[in-house]
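Student: So that we are looking at the same thing, I have put the structure below in structure tokens.
The values are calculated or read from the model by the stated rules, or taken from the named source; none is laboratory data. Computed from a predicted model, the values in this text were never measured in an experiment. Neighbour counts are summed over all protein chains in view; Cβ atoms, including those assigned to glycine, are modelled from backbone coordinates with ideal geometry.
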Amino acid sequence: MIRFLTLAPARRDFLIAALLFALMLAVPLLTGTRYVMTQLTVFFIWAVVASQWNLVLGVAGIFSLAQMALFAVGAYATAMLAYYLGLMLPAAMLLAALVTVGVSLVIGFGCLRLRGPYVALLTLAIGQVMYLVVVNDTECFTTPASGCLPLFGGARGFSRFGDLGLRDLLGSKWYIGHYYVGLVLLLAAQVFCIAIIHGPLGLAFRGLRDNPGLALARGVSRTRYQLWVFGLSAFFTGLAGAFHGAHFGVVGPTAFAFPMLLFILAMIVVGGLGTTWGPLIGAALLMWADEGLREVSDWREIGLGLVLALCVVLFPRGLAGIRLRVAR
Amino acid sequence: MDVALQILFSGLTLGAVYAVSTIGLALIYGALNMLNMAQGGLLALGGYMAMWAMQAMGFPAPLAALTAMAAGAVAGGLIFLLAARPMLGGEGFETRIFIATIGIGLMLESLILKAFGPQPQAQSLRLDGGLMFGRVNLPWQNLLIFVTAILMLAGVALLLGRSRLGRAIRATSMNREAAQLMGVPIRRIYLTILMLSGALAALSGIMISSMSGLLPNMGADPMLKAFIICVVAGLGNVPGAALVAFAIGMLEALIQYLFGVQYAFAILLCLVIAVLIWRPQGIFGQKEVVRL
Amino acid sequence: MSLLELSGLRAGYGAQDVIRGISLSVAEGEFAALVGPNGHGKTTVLRAISGLLRARGGQILLAGQPLTRLRPDRIVAAGVVHVPQGDLLFPGMSVLDNLRMGACLPAAAAEEKRRLEEVFTLLPKLRDRQGQLASTLSGGERRMVGIGRGLMTGGRILMLDEPSLGLAPIVIDQIYDLVQQLAKSGRTILVVEENAVRIADMADRMYLLDNGEIAWAGTGAGFLSSPEIFATYLGG
């Protein structure tokens, strides 16, 4: 135990990731209920989005609210590539993730010269424009059997653009296949996070935060590192969006919706902004609480708002931060 | 000619509504570096309170408006006392208060939803009929909104420019520490600003709902617009915000006429994105020199 | 009895204490100076007294009344006037409004007209500039507005943080003439100054701050006649 605590932080985090992964690998063997599997799959998706957003918001300190827009870009690009070009879904997903990186870099360029709150509003505005363009477009681009389909799917969005092929492979147990895809996605995203946080990029951002003068004098360029984080974190965010679309078989404008943005933001804040494991803890906790509140659904939003406000006021470093303070 | 008059009327009305809600936000940002994301909830609160005061309590219209403004002021005050005050001066204040007020806004809207239901309702506080200019109709309601807004703006301008309290508010925005050394009780100033801003938001909420009806989430778009106006003017710049509010109102009326209602907001947002990229500190904002 | 009394005062930023147990006192009507090299905590002492920085230990008494737990505006109301380093004027306000801000406490507000006249008599240049925006003033004028704003507050003790900082030698002389004039009029003054020799012949009492502690205390004349102090602390 002592040895474990004295491990270098990066190695310790990788070890935790490996242990958790092994544990989660075994879950389908222990409890096979479809409900639990599906819930966990959705958890994997939101955990990926939260962990990547945390890199931008918490680690790099860029006040970007573009994350759900990027998620939607990943989802829409997948659906459109598969629907219009007939691409295989896995290929479409990878391509969509790259498209998301491109979009994110453009947004990142726009934000470079801006400061905190201006970044928040710019990214919020960009997301809103995307939403409005998708929803307000009523001109038919094609007319499939189901009726008129605008270029971006309109208010109804895309469906029937293929699946991952796991239904053919696993039959009625396809959802277990999706579980593993989600799990591997989260593992990859989290390993990437750990590498960033403990690697040169994380170091550079810590330097910029703790002593901007020295960091700048040592040649740490904020803008270059910001672009890197914008681009890299968008890859997994886009992939998560793509997988979300593939998992549910629908891609619609709800992906842009503000409540969803708040939900993910709450995960990060409750768990601990800028911490390695906070976003995952927050995602697990909030999804669990959300399930619990489903019974009293009209209190759900009030509860969410209260949790968000209380956590920021009372625990500035989130739940992961409390753990650290106790450990010390 | 008729068309121009129509655009002018609706642009001025929109601008007036935006100006009233935006100056509160600009004041708050100027003094506390706080983006109040609960503004949307405050707008809805004002609209619903006015309707409730007239229908359930039978208040006359002016009293109903005052009731709504009082409720907005109390809500704004509570936001300061319960959320902003405990974290003042702590690290990451700007980020944390942003997120906390998002939570508070969500709570406000949900509470309104629980109390009044999700269905759209009409604002009771409104005037019917209008004035004809040739073939162009100027509704009394729009005239009322415009006159109220101008009176409000003039009142705030007088308060800030001529009164002792206003000078203390401006001093706090310009240099918090120096204001403290003059004996300005900055916490009380912050509380005053949040209450004032809450009252202005409530008033703006009545105006908005008298044009487009009451909905629990009616504040979302106007709030985003108010922020856009703040950002375009340069955050914290109060006179600039009022000016830009009217400009954006006119622009929106024009875009609505030229391209249709459904594209107005998207085009507006694109313009703002362009402004931000062209002038990151806003049109009237000073370039910030970061000293290390 | 002394008007201002610090005993064992500790304060600092982050994990570090910048001042570590300082005791000093300023008597009514006295001209006291706190000198020492840059970065040894002189400004921190003033910030702790006026409440901008919370004291971590020790006691601050003004005429026997403890100030340590009070908020800055209560401390000003109690009679401590702090003219900060670098003036910290309100850039978007006119000279007149800046001066008026000095008298924003209710007690001072009643005296506003009379004090304004006093300040204009003392600093005639400000009368001519009263409509000008503070951000357009020269360094010397800015310093005058800063001090004038402090005078508007009245109070029982005037604390000046490096009034000569960043000014041309001829302007420094003007400012110190003004400070001396204020001292002669019977005001209690505590000046923080890096240039110890500049201030020693004016000061009734001097404290030398070294690395967060008082290294020497005595009269101004005593300071000038102790060459070993220069050698040890001021590298002279």
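Student: Search segment C:47-103 for residues being small (G, A, S) and in a strand (DSSP E or B), and hand back the single one that is surrounded by the most Cβ atoms within 10 Å (Cβ to Cβ).
Tutor: For segment C:47-103, the residue satisfying everything is C:G58.
Student: Now, a different point. Go through C:L190, C:L167, C:L89 for me and flag whichever is in the same structural domain as C:A63 (by the TED database) and in contact (Cβ under 8 Å) with a residue 60 or more places away in the chain.
Tutor: C:L190
For (1) free of Cβ contacts under 8 Å to residues at least 24 places away in the same chain; (2) within 14 Å of chain C (Cβ to nearest Cβ); (3) over 13 Å from the mean Cα position of the chain (by Cα), each residue gets a yes or a no:
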position: B:L153; (1), (2), (3): no, no, no
position: B:G166; (1), (2), (3): yes, yes, yes
position: B:T172; (1), (2), (3): no, yes, yes
position: B:S197; (1), (2), (3): no, no, no
position: B:N217; (1), (2), (3): no, no, yes
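Student: Turning to a different aspect of this structure: Condition (residue is modelled with pLDDT under 80 and either β-branched (V, I, T) or at negative phi (or both)) applied to segment A:259-273: is it met by at least one residue?
Tutor: There is at least one residue in segment A:259-273 that is modelled with pLDDT under 80 and either β-branched (V, I, T) or at negative phi (or both).
Student: While we're looking at this one, here's another question. If the requirement is being in contact with a helix residue (DSSP H, G or I) (Cβ under 7 Å, 6 or more places away or on another chain), surrounded by 23 or more Cβ atoms within 10 Å (Cβ to Cβ) and closer than 18 Å to C:A78 by Cα, which of these qualifies: C:M144, C:M152?
Tutor: One residue alone meets the criteria, C:M152.
Student: Test C:G14 against the stated conditions and say whether it is touching a residue at least 24 places away in the same chain (Cβ under 8 Å) and on the phi > 0 side of the Ramachandran plot.
Tutor: Spelling it out, it is not the case that C:G14 is touching a residue at least 24 places away in the same chain (Cβ under 8 Å) and on the phi > 0 side of the Ramachandran plot.
Student: Just one of (1) touching a strand residue (DSSP E or B) at 6+ places or on another chain (Cβ under 9 Å); (2) surrounded by fewer than 21 Cβ atoms within 10 Å (Cβ to Cβ) trips up C:V35, so point out which.
Tutor: Looking at each condition in turn, C:V35 falls short on (2).
Student: Would you confirm whether or not segment A:139-157 contains a residue that is within 14 Å of another protein chain (Cβ to nearest Cβ), surrounded by 15 or more Cβ atoms within 10 Å (Cβ to Cβ) and either in contact with a Pro (Cβ under 9 Å, 6 or more places away or on another chain) or modelled with pLDDT of 80 or more (or both)?
Tutor: Yes.
Student: Among the residues of segment B:174-191, write down those that are surrounded by 21 or more Cβ atoms within 10 Å (Cβ to Cβ) and either more than 11 Å from chain C (Cβ to nearest Cβ) or among the charged types (D, E, K, R) (or both).
Tutor: Matches in segment B:174-191: B:Y190 only.
Student: Evaluate the following for B:L66: is it surrounded by 14 or more Cβ atoms within 10 Å (Cβ to Cβ), away from chain A (no Cβ under 14 Å) and without any contact (Cβ under 8 Å) to a residue 12 or more places away in the chain?
Tutor: yes
Student: For segment A:1-119, please list each of the helices (runs of 4 or more DSSP H) lying entirely inside it that holds at least 1 residues being in contact (Cβ under 8 Å) with a residue 24 or more places away in the chain and touching a Leu at 6+ places or on another chain (Cβ under 8 Å).
Tutor: Filter on segment A:1-119 gives A:9-30, A:34-54, A:67-85, A:89-111.
Student: Let me ask you something else. From the list B:L111, B:L138, B:L88, B:L81, pick out the single residue that is without any contact (Cβ under 8 Å) to a residue 24 or more places away in the chain, surrounded by fewer than 22 Cβ atoms within 10 Å (Cβ to Cβ) and either more than 10 Å from chain A (Cβ to nearest Cβ) or closer than 30 Å to A:L65 by Cα (or both).
Tutor: Going through B:L111, B:L138, B:L88, B:L81 in turn, just one is without any contact (Cβ under 8 Å) to a residue 24 or more places away in the chain, surrounded by fewer than 22 Cβ atoms within 10 Å (Cβ to Cβ) and either more than 10 Å from chain A (Cβ to nearest Cβ) or closer than 30 Å to A:L65 by Cα (or both): B:L111.
Student: What is the one condition in (1) crowded, with 16+ Cβ neighbours inside 10 Å; (2) under 30 Å from A:Y118 (Cα atoms); (3) more than 16 Å from the chain's Cα centre (by Cα); (4) among the hydrophobic types (A, V, I, L, M, F, W, C) that B:L158 does not satisfy?
Tutor: (1)
Student: Let me spell it out: the conditions are (1) modelled with pLDDT of 85 or more; (2) closer than 30 Å to A:P9 by Cα, and A:G116 meets all of them except one. Which number is the exception?
Tutor: For A:G116, the exception is condition (1).
Student: Hey, another quick one. Kindly establish whether A:V269 is more than 11 Å from chain B (Cβ to nearest Cβ) and aliphatic (A, V, I, L, M).
Tutor: So A:V269 fails the test.
Student: Out of all the residues in segment C:104-140, which are surrounded by 16 or more Cβ atoms within 10 Å (Cβ to Cβ), over 26 Å from C:V80 (Cβ atoms) and in contact with a Pro (Cβ under 9 Å, 6 or more places away or on another chain)?
Tutor: Within segment C:104-140, just C:L133 meets the criteria.
Student: If I filter segment A:309-318 for residues that are more than 11 Å from chain B (Cβ to nearest Cβ) and hydrophobic (A, V, I, L, M, F, W, C), do I get at least one hit?
Tutor: Scanning segment A:309-318, I find no residue that is more than 11 Å from chain B (Cβ to nearest Cβ) and hydrophobic (A, V, I, L, M, F, W, C), so the answer is no.
Student: Would you check if there is a residue in segment A:262-270 being in contact (Cβ under 8 Å) with a residue 24 or more places away in the chain, touching an Asp or Glu at 6+ places or on another chain (Cβ under 8 Å) and either within 29 Å of A:V307 (Cα to Cα) or part of a helix (DSSP H, G or I) (or both)?
Tutor: Yes - at least one qualifying residue is present in segment A:262-270.
Student: Counting only residues that are small (G, A, S) and within 14 Å of chain A (Cβ to nearest Cβ), how many does segment B:219-258 have?
Tutor: 7
Student: Restricting attention to segment C:45-82, and to residues there that are among the β-branched types (V, I, T) and more than 14 Å from chain B (Cβ to nearest Cβ), which single residue is farthest from C:L209 (Cα to Cα)?
Tutor: Within segment C:45-82, the match that is farthest from C:L209 (Cα to Cα) is C:T68.
Student: While we're on this one: Residues of segment B:97-108 being facing chain A (nearest Cβ under 7 Å) and under 17 Å from B:L215 (Cα atoms), which ones?
Tutor: B:L106, B:M107
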